[in-house]
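Report on the structure given below.
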Amino acid sequence: MGMAQPEYSNTLREAVLRDPDLGEHAWRENFLGKASGNTLYQRVMREYVLSDVAQALGKVHDIAIEAARRRAVGRELIWVLRVTSPRVRFYLSRRGSVWRISEGPSLQTPEHFDIVDIDVDREYGYDALFSQAYLEDVPFNVIERAIEEAAQLLEEKLTEDVVALYESIPPNELAGGSEIEAEKPGTLSWIDLVRAWNAVKKAGYTANVAMIHPDQIADLWNDEKFINSFYFGDRVDVSRGLLGETYLGFKIVETDICTPTKVHLIDTRKAAVLLLRRDILTQPYEERLSQGVICTIRYGLGTLRKDAVARIVNC
């Protein structure tokens, strides 16, 4: 008897069936139906020796998702919440005061919550389209690279939006009510990070991420106090910009998308949220005489507690 074949897990099919806007009908019509006549998916079947177009759909999706993960630094900077509705209402508790049981609550008890509505209002797409002759003749690794780049561009856009969200917070709404000037203008030092961490702490939060540009990372590697505070944890991934943690409990996330002269310390559990309505999805696509795949993503984001962020400037 031959060895049993391992069960094939098609993450794309699972994602389509879970999505209330897609489902079984969309999987049959918009994915299986369109992929069966798509030259890119036929090429994938040949290259990977796959038995049916469903597996080709899954393989293309896996290529895209794996590539996107290598650029997924933006998701390390914010609370990611998967949702099925186009708007989510958040109830943010206010800090109040206790009262004596014998006296009971005040007759003028204020509302205990602030309300923040955040919409899923961003949808992006990028394609990897080619002529039929190109798909037939070009080396297959070129096609794979195009699929990877389409997914990575979407992930970079997500990171850009997250960075812009934090950088747009007005100075008077940050932790401490103002920006923190670097101790040595033009240089980021450990003492600046400690001051920012302390500002977030005084505001009632705990910073767990420092968002830093590569130029400022170079400053820190020349700061003995920072080096002595730093250790490489289990989740270090230098290629993605996840460099490890300090003994104060915040990890260093490096990205060249943020402004070089600014550093943000963030309590990502309280500061903001990214509503992920549809994660990166790959789908067969045709445009006139070109065929291939389109990658899409749909999400929304917004701040919840702006004072859970501290900003160092002129560093």
For the chain, which DSSP H helices look membrane-span-like by this rule: Cα extent along the axis of 15 Å or more and mean Kyte-Doolittle of at least -1.0?
53-69, 140-167, 190-202
27 Å Cα-Cα threshold exceeded, pairs from 157/202; 157/251; 184/251; 157/270; 225/262:
157/202
Starting from the Cα gyration tensor of region 151-235, take the square roots of the eigenvalues, sort them a ≥ b ≥ c, and report rounded, prolate or oblate (rounded when a/c is under 1.5, otherwise prolate if a/b is larger than b/c, else oblate).
oblate
Where does the longest stretch of the chain lie that holds no chymotrypsin sites (Phe, Trp or Tyr not before Pro) found in a DSSP loop with 13 or fewer other Cβ atoms within 10 Å?
100-220
How much of the calculated P(r) for the chain lies past 34 Å, in percent of all Cα pairs?
39
Ignoring everything except DSSP H segments at least 4 long, calculate the 222 nm mean residue ellipticity for the chain; use -39,500 (n - 2.57) per segment, divide by total residues, nearest 500.
-9500 deg cm²/dmol
How much accessible surface does residue 201 have with a 1.4 Å probe, in Å² rounded to 10?
100
Taking H placed 1.01 Å from N in the peptide plane, check which residues at least 5 places from residue 205 or on another chain put their amide H under 5 Å from its amide H.
none
Karplus 3J(HN,Hα) series, Hz, for region 302-314 with 6.51 cos²θ - 1.76 cosθ + 1.60 (x for Gly, Pro):
x, 7, 10, 10, 5, 7, 8, 10, 10, 10, 9, 10, 6
Would you kindly derive the ³J(HN,Hα) couplings of region 245-250 from the backbone phi angles with the Karplus curve 6.51 cos²θ - 1.76 cosθ + 1.60 (θ = phi - 60°), listing them in order in whole Hz, with x for Gly and Pro?
10, 9, 5, 7, x, 10
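The values are calculated or read from the model by the stated rules, or taken from the named source; none is laboratory data. Since the model is a prediction, treat every value here as computed from it, not as a measurement. Backbone-built Cβ (ideal geometry, glycine too); neighbour counts: all protein chains shown. The protein model used for the area step is the full one, side chains on, heavy atoms only, and it has no ligands, DNA or RNA in it. Shrake-Rupley method; radii C 1.70, N 1.55, O 1.52, S 1.80 Å.
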